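Below is one structure, written out as structure tokens, with a few remarks after it.
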Amino acid sequence: MTTNLAEHSAKFGLHISQETTKVIKTNHRSDSQPIYIGQAELECVGHFRYLVSVISKDGDVEIEVNTRLAKAATVFKRLDTHGSPFLLG
């Protein structure tokens, strides 16, 4: 099916990147078949970043929350270092 997708996409000038395309499988079966584009097997990952969110195979949001908290802490630390008048206290 992915080979057909790649072939039909090429007709419209679209290219599916084998290097950046990843697969997340939500089932826990160990006998599931690998997914290929052409002759290249796509990498199966447990989570990946899509736009500004982290998507995980089990739907857990812990990585997403921790990432956002770390980014917010970095910004607040930078504001505090520069003596920002926007911080209270």
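Derivation of every value follows stated rules applied to the coordinates shown; laboratory data play no part. None of these values were measured; they are calculated from a predicted model. Cβ coordinates were reconstructed from backbone atoms using ideal geometry, including for glycine residues, and neighbour counts include every protein chain displayed.
Mind running the shape call on region 2-81? Use the C-alpha gyration tensor, a ≥ b ≥ c as the square roots of the eigenvalues: rounded below 1.5 for a/c, prolate if a/b tops b/c, oblate otherwise. Intermediate values should be presented prior to the final figure.
Working: a/c = 4.02, a/b = 1.83, b/c = 2.20.
The shape class here is oblate.
What does the charge count near Thr26 come to, summing +1 for each Lys or Arg and -1 for each Asp or Glu among other residues with Cβ under 9 Å from its Cβ? Before the final figure, lay out the partial values.
Values: positive: Lys25, Lys57; negative: Asp58.
Value of the local net charge: +1.
With +1 on each Lys and Arg Cβ and -1 on each Asp and Glu Cβ, how big is the dipole of region 2-81 about its Cα centre, in debye rounded to the nearest 20? Mind dumping the intermediate values first?
Details: 10 positive and 10 negative charges, 62 e Å.
Rounded to the nearest 20 debye, it is 300 debye.
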- Counting Lys and Arg as +1 and Asp and Glu as -1, what is the net charge of the other residues whose Cβ lies under 14 Å from the Cβ of Ala40? -2
